[in-house]
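Colleague: Provided herewith is a single structure, encoded as structure tokens, for subsequent inquiry.
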Amino acid sequence: MAENEAEGGAAAEGAEAAPPKNKLKLIIMAVGLLAVLGGGAATWFFFRHGDDEHHAEAAPPPKPPAFVDVPDMMVNLAGAPGERVQYLRLKIVLELKEEKQIEAIKPTMPRVTDLFQTYVRELRPSDLNGSAGIFRLKEELTKRVNAAVAPIQVSAVLFKEVVVQ
């Protein structure tokens, strides 16, 4: 009986030792499967990427954008009574998608200038602090110019000069 217990104990130890080998085999198989799938995905990506290069070469080059200068502006900024008056000087360029839109936008330039002037006069010097303030100004001016020149679409309002004195 002692021999059976010894054999049973050895069998129990063998049973405990077997699962780690199975786990090791399972891990090795999973790593191998991932390597095969990764290699297949990489091959597919590189072959597909090569096809895209051929299509990109056949496509015509994009047209360069067109630019329109807005007349320079100098306005006094809104401030509290008794504070020193501060001025804002802007030089702005409008970016259009096509060259032919320049002639269509020129007749509306007085309206664009008026919209810009009325908006900028309400700004406080603190509204223009940092790059975030300039970015907000750019976004607001883009929205206003697109409303003024619709159906023409202005891609961006670009600043050539922004000076707060």
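The values are calculated or read from the model by the stated rules, or taken from the named source; none is laboratory data. Everything numeric here is computed off the predicted structure, so don't read it as measured data. Positions of Cβ are generated from backbone atoms using ideal geometry, with glycine treated the same way; all protein chains shown enter the neighbour counts. Protein only, heavy atoms only, side chains kept; ligands, DNA and RNA dropped before computing areas. Shrake-Rupley method; radii C 1.70, N 1.55, O 1.52, S 1.80 Å.
Colleague: Rounded to the nearest percent, how much of the accessible area of segment 53-165 (1.4 Å probe, protein heavy atoms only) is carbon and sulfur?
Modeller: Reported share for carbon and sulfur atoms: 54 percent.
Colleague: At 0.36 nm per residue, minus the direct Cα-Cα distance, what do Ser126 and Val85 gain on full extension? Give it in nm, one decimal, please.
Modeller: 13.4 nm
Colleague: Another question, then. For segment 22-39, what does the Karplus curve 6.51 cos²θ - 1.76 cosθ + 1.60, with θ = phi - 60°, yield as ³J(HN,Hα) per residue in whole Hz, taken in order and with x for Gly and Pro?
Modeller: Rounded to whole hertz, the list is 5, 5, 4, 5, 5, 5, 4, 5, 5, 5, x, 4, 4, 5, 5, 5, x, x.
Colleague: Could you calculate the FRET efficiency of Phe45 with Ala147 from 1/(1 + (r/R0)^6), where r is the beta carbon distance between them and R0 is 41 Å, rounded to 0.05?
Modeller: Efficiency at R0 = 41 Å is approximately 0.40.
Colleague: Let me ask something additional. Once you sort the root eigenvalues of the Cα gyration tensor of segment 71-156 as a ≥ b ≥ c, which label holds: rounded (a/c under 1.5), prolate (a/b larger than b/c) or oblate (the other case)?
Modeller: prolate
Colleague: Would you grab the residues whose amide H sits under 5 Å from the one on Ala66? Only those 5+ places off in sequence or on another chain, please, with H modelled 1.01 Å from N.
Modeller: Those lying under 5 Å, H to H, from Ala66 are Leu96, Lys97, Glu98.
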